[in-house]
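The block underneath contains the structure these notes are about, expressed in structure tokens.
The values are calculated or read from the model by the stated rules, or taken from the named source; none is laboratory data. Keep in mind the model is a prediction, meaning the values are calculated, not measured. Using ideal geometry, Cβ is built from the backbone for each residue, glycine included, and neighbour counts are taken over all protein chains shown. Ligands, DNA and RNA are excluded from the accessible area calculation, which covers all protein heavy atoms including side chains. Shrake-Rupley method; radii C 1.70, N 1.55, O 1.52, S 1.80 Å.
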Amino acid sequence: MRIHIIACRVFTREISYYAALSPHTVDVTWLPQGLHDTPDALRRMLQEAVDGVHDQVEKNLLKHRPDVIALGYGLCSNGVVGLTTKDIPLVIPRTDDCIALFLGSQKRYLQLFERMNGTYWLNNGWIESSGTLVQQRETEQQRWQKYAEKYGEDNADYLIEQEGAWVSHYNTCAFIHSGVYESTEFVETAMRAARENSWGFEEVPGDTRMIKALCEGSWNDQEYLTLLPGQRVAADYTGKKIHAEVIA
């Protein structure tokens, strides 16, 4: 079987590792981290990536047609809602987002969410692909200077304060460990982010079983949606996160 995975770059190490071990041929298209912050942009880029696979097949740019396209995305702020596929089945994890995939299941994610409400999650993939809270804070003075020059110092103070208001929504920084790659540097970075934001800190074991299943083709209907041609992705409020609906 040939699997073409379209995934966020936060999965680079894990998907690359399991793709190399997969009994199947696995190709990967990477998309930028952070698109879940703009669901419409995420939906557009995902659809373009899915359509791009089809176009490459039609133009003989891909020598072998994939048997399935799999997404390294969950619901992701409804960013996958509305996606369609032309003639290749599309497999999507039934999770809220990538946190559940790094934790091993939507069920475990919800259990931890109930116990750790107010948690800012980090792991090696997020730190590598998007930088860190610490790195972002290092540019705060530069942003203040630009605001001061454009709007005045009082307004610059206010704008910086508003930009940092999101910090109060969290009380803990949790670092998810990976069975694929470990780095004390990343753990220390997460600890530093917690310390500078006056958050608690916790380390959580990760579980890559769902990521591994994407690369091995061992998905099931309970945890993954298989979208067929003539269908589109719709949000599901029964706990399955997403379901397929027929395109009228």
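Just so you know, in the range 237-248 the residues that are in contact (Cβ under 8 Å) with a residue 40 or more places away in the chain and part of a loop (DSSP other than H, G, I, E, B) include one that is surrounded by the fewest Cβ atoms within 10 Å (Cβ to Cβ), and it is Ile247.
Any idea which residue in the range 213-224 is nearest to Leu122 (Cα to Cα), counting only those that are touching a residue at least 24 places away in the same chain (Cβ under 8 Å) and in a loop (DSSP other than H, G, I, E, B)? So, considering only residues that are touching a residue at least 24 places away in the same chain (Cβ under 8 Å) and in a loop (DSSP other than H, G, I, E, B), the one nearest to Leu122 (Cα to Cα) is Glu223. Val91 passes every criterion in (1) open to solvent by 60 Å² or more (accessible area, probe 1.4 Å); (2) more than 20 Å from Gly179 (Cβ to Cβ); (3) among the hydrophobic types (A, V, I, L, M, F, W, C) apart from (1).
With respect to (1) farther than 14 Å from Ala7 by Cβ; (2) in a loop (DSSP other than H, G, I, E, B); (3) of a type outside the set (Asp, Glu), the lone exception for Ala100 is condition (2).
When you look at Arg13, is it surrounded by 15 or more Cβ atoms within 10 Å (Cβ to Cβ), touching a Leu at 6+ places or on another chain (Cβ under 8 Å) and touching a residue at least 60 places away in the same chain (Cβ under 8 Å), yes or no? No; evaluated as a whole, the condition is false for this residue. The residues listed here are Ala20, Ala41; of these, the one that is part of a helix (DSSP H, G or I) and modelled with pLDDT under 95 is Ala41.
Only residues that are modelled with pLDDT of 90 or more and over 20 Å from Thr208 (Cα atoms) were counted across the range 120-139, and they come to 0. In the set (1) outside any loop (DSSP other than H, G, I, E, B); (2) within 12 Å of the chain's Cα centre (by Cα); (3) modelled with pLDDT under 95; (4) not aromatic (Phe, Trp, Tyr), Ser77 fails one condition alone, (1). Looking only at the range 201-212, decide whether some residue is modelled with pLDDT under 95, open to solvent by 80 Å² or more (accessible area, probe 1.4 Å), in a helix (DSSP H, G or I) and out of contact with any Lys or Arg (no Cβ under 7 Å at 6 or more places or on another chain). Among the residues of the range 201-212, not one is modelled with pLDDT under 95, open to solvent by 80 Å² or more (accessible area, probe 1.4 Å), in a helix (DSSP H, G or I) and out of contact with any Lys or Arg (no Cβ under 7 Å at 6 or more places or on another chain), which makes the answer no. Go through the residues of the range 23-44 one by one and say whether even a single one is touching a residue at least 40 places away in the same chain (Cβ under 8 Å) and of a type in the set (Ser, Thr, Tyr). No - not one qualifying residue is present in the range 23-44.
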